[in-house]
Structure formats: structure tokens, C-alpha cells
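S.K.: Take this structure, written in C-alpha cells, and hold onto it; I'll ask about it next.
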Amino acid sequence: MTFVNTKDNCYLCWFPGPVIKAEVGQIIQVTFYNNASVPLSIHPHGLLYNKNNEGSFYGTPGGAINGYMYGNLPGLDMCLGDNVSWHVLSVGSSQDLHGIYFSGNTFTSLGSRDDTVVVNPHISQTLLMTPDSTGKLWIFSISLKYAQTMKKQCLQYALNIYQEAKVIYIAAEEIVWDYSPSSDWERELQHLQGQNETNIYLDRVETYLGSKYKKVVYGQYDDITFTNQTVRNDDEMHLDILGPIIFLSPGEKIYVVFKNKASRPYSIHAHGVKTDSPTVAATQPGTCFGRKRSPRAFMQDCEDNDLNSGLVGPLIVCRKDTKENIVHRVLFFMTFDENESWYIEENINTYAQEPNQVVRNDITFKRSNEMHGNVHSLTHWLAPTGGSAQREQIKVCIPINGRMFGNNQGLVFHVGSEVNWYLIGIGDQADLHTAHFHGHSFIFM
């Protein structure tokens, strides 16, 4: 109790403090010595303690992992077959809502296998992992605000078990995207609300750009020539801005041939998969790149500019015995910030009626390019077998699959159909979304 000698060889004992391990029912006595220059105390979360020994909890702001930034956190080496428990927690306010992504490996938590976990302030979780892929593992927050400041490499060793690969051809290509090609639902809403005002998100007036923007998307092609784009069938029309659905079974291998048909370097990277290399290199315009993958969403491996420019798509891993008649539908929730797109200057020059009058840092102008709007609607249709469809609407507050104000398409079902909904949310603390399926219930898995 002299508090003279600091415990040696403890990489993780500085920030946060040392790990205190105990069993259920065990009593711990903590002797706290304040060697700082200001009054401080210590306080446990989730434990029963004597009122006389109550302390206070202090959080430290900043985008870091255990107080380290830019890949400086030591002591995270793992070996093949290790049983690793990750104890993740966050403190702070709404700014400290983090999505933690473990690239190249998966974990189990609460009966689910994932590679990404949402960490809410003042809530801790335990993730169980058995490392099984070679090379370096990146651990970082996929919140766009902290994506460049919370990365950490750790070594691990692995085992590769693959089956015969199937091949898919995907290209990045630039298009003109319309968030709201039809204004019918918007006009109907304004009429019911007795409003007739300018919509800064969709109306092309003065310096506002309107609903159309140049973007870059993932498109599927029939073969290595990248000449004929694969035509989407009725089950795929709902994807809109998303890339093609890649369906896989556990252990199955896929070979993705990627061609960059855009005007700047891009790449493709999948979540929750194992690849032949942990490094994702940018593919230069006009060139191809091939990569082996084995089983979730795929996206540009990236800066936030790439994602806001439009590069994202779904990878779905289904059990081998999944019913063939299941209807699969993907809903992607994200506020596209066109201010952070690679094409913002080109969009200003193309779509602003007065480009020279645009003030880039004007708050209202910047807000008009954050594509979320007011109250929007996802419309789907239900039809009895062989009968006419009946319209239903689901109100939301941001684009779904890149569409606003009831412009989603391809959401047609028959009464009695078994539908699997795959909900994807990407972004920062502003992209915490609640999806309500009006008039219908579902089983969450």
C-alpha cells in the first residue's frame, strides 16, 4: 500500500485502468490513491457497493481506443486457436456512439455471429472470437467521424478452408442519381398539410442543387469483358442505388473481378469475410482487380467521401438449407452527405442555377445536400395470389436505398409470402434509425 512501484509489463493498464477480474459473489476491496493535481475518485458500474464507498465516474472525451490513436495501441497479438474475449465499452454522450469493425474475423455475441458491433455510451459488451485468418487485423470505428483516428493493427495467424469459387463481375461506374424522380407523394403530403414551400433537399432553385447528383455505384456485369451489364430482375429492382446482392453459404468462396470504370481510384471490400490479402489497394480508372472472398455488406474500403459518393452493396450469407421460395429484400438506411462526395464541385457547376453565387460553407446550403429531408415514405404493395396489389406506406426520415418521398420500387409481395428483410445502417450518430413496418410484425433473428 506504499503506491511506490507501478506494475510492470501491463500494456493495457494505463488507459483504461487495469482489468479487475472477479467471480460472482466475490468481494473486492479497492484502495484508491489520488496522485493527481485535482480531486478524483473511482466508481464501479454494474456492481453492488457500500454507500459509504461510493465514488464518481469520469469519462475522457476524444476519438481513441484505450487512449491511443493512429495505430499506437500495443499488446493485441493473438494466435491461431486462441479463445479471445473482447470487452468493449464507451463513455460520453451521443457523440460516442461507435460502430466497431473487426476486419477479416468474426465474433459471437448474444447468439449472433458478426464482424461489427454498435457500442452505446455507458453500455459494455463481451465479444467472443477465435482468430482464424492470416496477416493483420484492422480494428476501427466505422463511424465516419472517427474512421481515420481509431485504427489499430494486431497480428494473428490463421486457417483457410474454402470450397470451389464462383465468379462475379462488379464495376464502379459513374451515373446521375435522382433521389426523388417522382414528386407525386411529396405534393400529396404538402397538400394534406396545407403547405406549398420550397424543399431545399429536392427543389432545384437558386443555389440549391435539387434531387439529382452525380454519383458512383457498383454495377454487375455478365462476364470479364465488362460489356453487358447484368439486367436486374423483379426481385432486385428494390436495390436502387445499392450494388448487386451477393448470396453465399458459410464456407463458400467467391472470386470478385472488379473493374474501375469511374474517373478516380476506387476499390471493393467486404465485411465479415476472409480474403487472400488483408490489404485493399485502390484500383486505378480503367483497370481490373481480382480478389477471393468467403463469407455481409460490401463497400469501398475507404474514406467517407467514397461512401457518400455511393459505393455500397449487400452480401448475404444464408444457411445451405435455406428455403428457395423466401423473398429477400434489403433496406439501406443512410443520410448521404453530398457535401462529402468526391463530385460536389462538379454537382455544383452542373445543377446550381447560379454556381458562382454558391457559398460552400453556408449552413443552409450544406444542409440542403445532406439527403435526409423531412418525413418520407417507403411504399410497398401487398397482393393476394393472382389478385391486385394494395398500397401501404412506411414513414421514415431519411432515404432508403437512395430514394426519398415514396420513390422506392420493387417492394411487391403476395399474402402468405415469407419475406426476409435485411436492414443495413451506416454513418455516424445521426444515422441511428428506427424502422417501423406498419400493420405487420416480424421475427427478429
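Read the figures in this text as sums done on the coordinates, not as results from a lab. Keep in mind that this is a model prediction, so the values were computed, not measured. No Cβ is skipped: glycine too gets one built from the backbone with ideal geometry, and neighbour counts run over all protein chains shown.
S.K.: For the range 172-194 and the range 238-283, what is the separation of their Cα centres, given in Å?
M.R.: Centre-to-centre (Cα) distance: 30 Å.
S.K.: Once phi is turned into θ = phi - 60°, what whole-Hz ³J(HN,Hα) does the Karplus curve with 6.51, -1.76 and 1.60 give for every residue of the range 318-330, x standing for Gly and Pro?
M.R.: Whole-Hz 3J(HN,Hα) from phi for the range 318-330: 10, 4, 5, 9, 5, 4, 6, 8, 5, 8, 9, 9, 10.
S.K.: What is the gain in length, in nm to one decimal, between Asn228 and Ser109 on full extension, counting 0.36 nm per residue of separation less the C-alpha to C-alpha distance?
M.R.: Fully extending the segment from Asn228 to Ser109 adds 38.6 nm.
S.K.: Let me ask another. Rounded to the nearest 0.05, what FRET efficiency do Ala165 and Gln195 give with R0 = 51 Å and r taken as the Cβ-Cβ distance? Could you check?
M.R.: Efficiency, from the Cβ-Cβ distance: 0.40.
S.K.: Right, next: For a quick protection proxy, order the peptides 169-181, 23-35, 305-317 by their average other-Cβ count within 10 Å, most packed first.
M.R.: Peptide ranking by packing, descending: 305-317, 169-181, 23-35.
S.K.: Now for a separate question. Once the Cβ-Cβ distance between Phe442 and Met1 is put in as r, and R0 is 41 Å, what FRET efficiency do you end up with, to the nearest 0.05?
M.R.: 0.10
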